[in-house]
Amino acid sequence: MKLSLRALGALLGAVLLSGTVMAQDGATLGEREKAGYMLGQDAARSIGPGLPDLDMAAFQQAVETAMAGGKPALSAEDANRVAQALMANIGARRSGQPPVAVDRGKAGLLAGANIGQTLAGLSGQFDMAMFMRGLKDGADPAAKPLLDQAQVAEVRSAFAARMATIRDAERKAQGEAASTQEQAFLAKNKLVKGVFATPSGLQYMVLKQGDGPRPKPGERVKVNYVGTLLDGTKFDSSYDRGEPAVFGLDQVIKGWTEGLGMMPVGAKYRFWIPAALGYGERGMGRDIPPNATLTFDVELLGIE
């Protein structure tokens, strides 16, 4: 049972609200308790009409396993069968038909794995018992919630703001470490035989020389390439996609524009692109972190 993007955003966008909140039953909830309760209520809304079919113990087990980075208990084939049974049972309830047999344990494992994945990185940030209480209260229309909707919204809003602050601090620290690593690497790499450096800081090695023309600004090029981080992690490859890439010389990062402009058709170069000529301190998505130094092996196949 997959969550909607809106539901995932609600879960992932939550962080801690400082201080305490007085629950409607008079109990005082601390940071981790109210965070757990809010997340549990969001999870209940995400799962919706499938909640009655879940075994709660299996659900909690799967949430905790997924948050810890563990493998799902169900195979892809088994998960698909359980999801189909869940949807069939939901449809039967809505239409007044006899219920469909559902393995509640497996249904709990399926839904728990999905929810746990959205909560990855929040381990220790919320109380699991209160998360389960929020889930159960959210599933029961007759239940009196510990927090009213205004309080839940307040928790969620402050939670999101704090998470953004935490993420920014983590990315800043990551970027500073990457800059230090880049300086050390490039200083050492330029001393390697066959490595050349341009005034901009781009470093390159000729792996195979070509004898065709060099592309000019405004022209489109056809290339095959593979891109990796300094630790060898591959983040992109036209070879893996099974077809060359075609793009304008001025439509790519500065390191590519400069490097390709030096290559004759038929050549293959290796580029080490500093962050300033790549994606800078912002990085790119989840694959390229802040201030990443990029390595590309590029074949220039033609000019179009």
What number of residues in region 40-90 are farther than 22 Å from residue 126 by Cβ, touching a residue at least 24 places away in the same chain (Cβ under 8 Å) and not in a helix (DSSP H, G or I)?
2
If we ask which residues in region 280-299 are in contact with a Pro (Cβ under 8 Å, 6 or more places away or on another chain) and part of a loop (DSSP other than H, G, I, E, B), their number turns out to be 2
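Looking at region 261-270, which of its residues are under 19 Å from residue 304 (Cα atoms), of a type outside the set (Lys, Arg) and either part of a loop (DSSP other than H, G, I, E, B) or touching a strand residue (DSSP E or B) at 6+ places or on another chain (Cβ under 9 Å) (or both)?
Applying the first criterion (under 19 Å from residue 304 (Cα atoms)) to region 261-270 yields 261-268.
Those still in the list that are of a type outside the set (Lys, Arg) too: 261-267.
Once the filter is applied, which keeps residues that are under 19 Å from residue 304 (Cα atoms), of a type outside the set (Lys, Arg) and either part of a loop (DSSP other than H, G, I, E, B) or touching a strand residue (DSSP E or B) at 6+ places or on another chain (Cβ under 9 Å) (or both), region 261-270 yields 262, 263, 264, 265, 266, 267.
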Quick check: anything in region 142-150 touching a Phe, Trp or Tyr at 6+ places or on another chain (Cβ under 8 Å) and assigned to a helix (DSSP H, G or I)?
no
Taking residue 239, is it modelled with pLDDT of 95 or more, within 20 Å of residue 186 (Cα to Cα) and among the hydroxyl-bearing types (Ser, Thr, Tyr)?
no
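Just checking, how many residues over region 201-212 are surrounded by 13 or more Cβ atoms within 10 Å (Cβ to Cβ) and assigned to a loop (DSSP other than H, G, I, E, B)?
Adding up the residues that qualify gives 4.
Scan region 156-173 for residues that are of a type outside the set (Lys, Arg) and surrounded by 16 or more Cβ atoms within 10 Å (Cβ to Cβ) and jot them down.
From region 156-173, those of a type outside the set (Lys, Arg) are 157-161, 163-166, 168-170, 173; that's our starting set.
158, 159, 160, 163 - these are the residues of region 156-173 that are of a type outside the set (Lys, Arg) and surrounded by 16 or more Cβ atoms within 10 Å (Cβ to Cβ).
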In region 160-181, anything within 16 Å of residue 42 (Cβ to Cβ) and either modelled with pLDDT of 80 or more or in contact with a helix residue (DSSP H, G or I) (Cβ under 6 Å, 6 or more places away or on another chain) (or both) is listed as 160
Quick check: is even one residue across region 215-237 among the charged types (D, E, K, R), in contact (Cβ under 8 Å) with a residue 12 or more places away in the chain, surrounded by fewer than 16 Cβ atoms within 10 Å (Cβ to Cβ) and in a loop (DSSP other than H, G, I, E, B)?
yes
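Looking for whichever is exposed (fewer than 15 other Cβ atoms within 10 Å of the Cβ), touching a Lys or Arg at 6+ places or on another chain (Cβ under 9 Å) and not polar (S, T, N, Q) here; the options are 129, 153, 143. Which one fits? Walk me through it before giving the result.
Values: 129 fails: touching a Lys or Arg at 6+ places or on another chain (Cβ under 9 Å); 153 fails: touching a Lys or Arg at 6+ places or on another chain (Cβ under 9 Å).
Going through 129, 153, 143 in turn, the sole match is 143.
Go through region 244-260 and give me each residue that's assigned to a helix (DSSP H, G or I) and not hydroxyl-bearing (Ser, Thr, Tyr).
Residues of region 244-260 assigned to a helix (DSSP H, G or I): 254-260.
Result: 254, 255, 256, 258, 259, 260.
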In region 184-200, which residue that is under 30 Å from the mean Cα position of the chain (by Cα) and surrounded by 13 or more Cβ atoms within 10 Å (Cβ to Cβ) is nearest to residue 273 (Cα to Cα)?
186
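Results for (1) touching a Lys or Arg at 6+ places or on another chain (Cβ under 6 Å); (2) under 22 Å from residue 128 (Cα atoms); (3) surrounded by 15 or more Cβ atoms within 10 Å (Cβ to Cβ); (4) at pLDDT 90 or above, shown as yes or no for each residue.
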site	(1), (2), (3), (4)
54	no, yes, yes, yes
68	no, yes, no, yes
75	no, no, no, yes
78	no, no, yes, yes
97	no, no, no, no
106	no, yes, yes, yes
111	no, yes, yes, yes
Exclusive hit being within 17 Å of residue 101 (Cβ to Cβ) and either surrounded by 14 or more Cβ atoms within 10 Å (Cβ to Cβ) or not acidic (Asp, Glu) (or both), set 62, 58
58
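The values are calculated or read from the model by the stated rules, or taken from the named source; none is laboratory data. All values derive from a computational prediction rather than experimental measurement. Positions of Cβ are generated from backbone atoms using ideal geometry, with glycine treated the same way; all protein chains shown enter the neighbour counts.
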